[in-house]
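So the structure is just underneath, and the comments pick up after that.
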Amino acid sequence: MEARRKRTIAITSGKGGVGKSSIVSNMAYLLSAMRKSTYILDADLALGNIDIMLGMVPKFNIRDLINGTKTMKDIIVEGPFGIKIIPATSGISEFSNLTMEEKNILLSSFQDIPDYDFLLMDTSAGISSNVVYFNAISEDVLVIITPDPASLTDSYATVKVLSKETGRRDFQIIVNMVRDEKEALDMYKKILLVTDRFLNISLDFAGYIPIDKNVNIAVKKQKLWAETFPETNATKALARICSRLVA
């Protein structure tokens, strides 16, 4: 049997409130529906929310792993459609900036994750040392932006810092909460104009997700919108993004 590729993708953003965790959880669902074994690492280690979004109450989390009381296999929980989740803590400030020893423990534990196709790392917003670390160890980086001017400004700052701190030169943009593809491309071109001028990086357009009332309906019910509303515009748009990842 051919070994799985084991592709690690960091999903990050310059600011909160851009729908990042919602995109990650629904992306995992769609990838699983495409028969790709998918894990989510809730990499907002001090304020994790993936389990909350999915209505789950994990018995153990990343704290137990780092403290050495549980193994990676012990803390993994199964979510909808076979998605595997590595839960974070919530409200434990000491994990907002991991020490080098803790980072090494976490990195070595990745070897204990059963065979997979995709490991999605849902980082916290901003440019903390944890964010830099998780982006540094990922094969790909997806940056979520919205039409909010603050999102564009903060995303540029995030890409700049990540490029400087990790040496990464390739990033992909997903534009969320837009009216249509035209608005998404306009947002992409705005940030591209600045990065092309001031940074030596490649910034690719990975796709967009339109404003969709069904997204809010599902989120409030702690349901995945891709599962609850498979034919809604947001689901179709995210499915196109996932198809490109799989191709």
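Taking 7 Å steps out from each Cα toward its Cβ at residue 231 and residue 150 produces label points 3.8 nm apart. Across the chain, counting alpha-carbon atoms alone, Rg and Dmax equal 17.1, 51 Å. Counted over the chain, the DSSP beta bridges are approximately 10% antiparallel.
Computed on region 7-246, with alpha-carbon pairs under 8 angstrom and 6+ residues apart, the relative contact order is 26 percent. Helices of the chain meeting both criteria, an alpha-carbon length of 15 angstrom or more along the long axis and an average Kyte-Doolittle score not below -0.5, with helices taken as full DSSP H segments, are 20-33, 149-166, 181-198, 233-246.
Between residue 209 and 175, 176, 177, 178, the built amide H atoms are under 5 Å apart, and every one of these is 5 or more places off in sequence or on another chain. Around the amide H of residue 126, modelled in the peptide plane, lie the amide H atoms of 13, 14, 15, all under 5 Å away and 5 or more residues distant in sequence or on another chain.
Each of 57, 194 was scored by other Cβ atoms within 10 Å of its Cβ. Listed from fewest to most, they are 57, 194.
Let's test the formula: R0 of 41 Å, r as the Cβ-Cβ distance of residue 180 and residue 69. What FRET efficiency results, to the nearest 0.05? In this case the efficiency is close to 0.25. The order of the peptides 107-115, 152-160, 229-237, 198-206 by mean Cβ neighbours within 10 Å, most packed first, is 152-160, 229-237, 198-206, 107-115. Using 0.36 nm per residue and subtracting the Cα-Cα separation, the extra length available between residue 190 and residue 6 on full extension is 62.9 nm. Phi-derived couplings, Karplus 6.51 cos²θ - 1.76 cosθ + 1.60 at θ = phi - 60°, listed residue by residue for region 139-147: 6, 10, 10, 9, 9, 8, 10, 10, x Hz, with x used for Gly and Pro.
Between the C-alpha center of region 127-176 and that of region 44-83 there is a gap of 24 Å. For residue 129, what charge total do you get from the other residues with a beta carbon under 14 Å from its beta carbon, if Lys and Arg give +1 and Asp and Glu give -1? Charge balance in the 14 Å sphere: -3. Taking Cβ atoms as reference points and 13 Å as the exclusive limit, the residues near residue 158 contribute a net charge of +3, counting Lys and Arg as +1 and Asp and Glu as -1.
Taking a Cβ cut-off of under 10 Å around residue 246, the surrounding Lys, Arg, Asp and Glu residues balance to a net charge of +3, with basic ones at +1 and acidic ones at -1.
Taking amide H positions as modeled 1.01 Å from N, with prolines and chain starts lacking one, the residues under 5 Å from residue 40 and 5 or more places away or on another chain are 84, 85, 86, 120.
Any read-out appearing in this document is the output of simple, stated calculations on the displayed coordinates, not a laboratory observation. Because the structure is a prediction, the values reported are computed rather than measured. No Cβ is skipped: glycine too gets one built from the backbone with ideal geometry, and neighbour counts run over all protein chains shown.
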